[in-house]
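Note sheet for the following structure.
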Amino acid sequence: MNILANYDYSNIESIKITGEINDVDVIGIRNMSNLRDLDISGTNLMELLKSSFQELTNLKKVVLPNTLTSIGERAFKESGLQSIEIPASVDTIESAAFYNCKALTSVTFEKGSQLKTIGSGAFQASGLQSIEILASVDTIESTAFGGCTALTTVTFEKGSQLKTIQGGYDENSSIYYGAFSDCTSLTSIEIPASVETIE
């Protein structure tokens with residue numbers, strides 16, 4: 001990224017980065033306000049830190065590396081993402097990672113995924129229309145899909161290991177927040193036999 005040190009980041013709409021990448025590089029990418037297409041599949045990135053690409057409203061497409069193990073809090077919050085494939089190496093999608101991504105209608109998972117946890121508000125208020133929860137997932141946290149008003153279909157991969165569908169409670173407002181709260185288009189769901197707790 002040093003090669004771009006004196007370049008006007010606002011002119012960059014598409015970029016492919018390979019090799020080593022660090023937190024400073026990610027900050028540089030976040031300054032590319034007109035960025036539409038980002039390919040970091042050839043990097044060694046293991047963790048996408050919190051707020052990495054938050055509010056990049058022009059960002060439509062991202063290709064992630066197969067070294068990635070976690071997608072941090074608010075990583076893509078309120079970005080313009082339309083679809084994304086999560087690498088098999090990712091085991092955690094943290095809180096609000098894709099919060100309020102209104103254009104995000106499709107999320108797919110690479111075959112052989114190791115995903116265990118879908119964090120609180122991970123896809124909350126996004127434009128998701130359907131989602132297949134991977135067999136490897138054991139926890140769906142509170143409001144993970146809350147407010148996804150376009151969500152019509154939730155399915156669970158065969159052999160689901162899901163144990164817990166979490167909820168939450170705000171004492172100040174006396175409101176409960178469920179994993180699928182306010183999914184007004186979701187009319188039915190079949191819960192896997194593996195589930196032990198629905199909060």
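Within the stretch 99-116, being within 21 Å of Phe53 (Cα to Cα) and either in contact (Cβ under 8 Å) with a residue 60 or more places away in the chain or open to solvent by 10 Å² or more (accessible area, probe 1.4 Å) (or both) holds for Tyr99, Asn100, Lys102, Ala103, Thr105, Ser106, Val107, Thr108, Phe109. Scanning the stretch 134-147 for residues that are surrounded by 21 or more Cβ atoms within 10 Å (Cβ to Cβ) and out of contact with any Asp or Glu (no Cβ under 8 Å at 6 or more places or on another chain), we see that the one that is farthest from Lys111 (Cα to Cα) is Thr143. When Lys61 is tested against (1) within 11 Å of the chain's Cα centre (by Cα); (2) at pLDDT 95 or above, exactly one condition is not met: (1).
As a summary of the residue check, Arg74 satisfies the conditions (1) in contact (Cβ under 8 Å) with a residue 24 or more places away in the chain; (2) open to solvent by less than 60 Å² (accessible area, probe 1.4 Å); (3) not in a strand (DSSP E or B) except for the one numbered (2). Of the numbered conditions (1) out of contact with any Leu (no Cβ under 9 Å at 6 or more places or on another chain); (2) modelled with pLDDT of 95 or more, Thr67 satisfies every one except a single condition; which is it? Single failed check for Thr67: (1).
Considering the stretch 117-127, and only residues there that are hydroxyl-bearing (Ser, Thr, Tyr) and either within 11 Å of Gly146 (Cα to Cα) or part of a loop (DSSP other than H, G, I, E, B) (or both), the residue that is most open to solvent (accessible area, probe 1.4 Å) turns out to be Ser120. Quick check on my filter: what residues within the stretch 153-188 are closer than 20 Å to Gly121 by Cβ and open to solvent by 70 Å² or more (accessible area, probe 1.4 Å)? Scanning the stretch 153-188 gives Lys163, Tyr169, Glu171, Asn172, Ser174, Ile175, Tyr176, Tyr177, Asp182, Thr184. The sole residue among Leu68, Leu59, Leu45, Leu35 that is in a loop (DSSP other than H, G, I, E, B), among the hydrophobic types (A, V, I, L, M, F, W, C), in contact with a Gly (Cβ under 8 Å, 6 or more places away or on another chain) and buried (at least 18 other Cβ atoms within 10 Å of the Cβ) is Leu59.
The values are calculated or read from the model by the stated rules, or taken from the named source; none is laboratory data. Not measured: the values here are computed from a predicted model. Methodologically, a virtual Cβ is constructed for each residue, glycine included, from the backbone with ideal geometry; neighbour enumeration extends over all protein chains shown. These area figures cover heavy atoms from the full protein model, side chains too; ligands, DNA and RNA do not enter into them. Shrake-Rupley method; radii C 1.70, N 1.55, O 1.52, S 1.80 Å.
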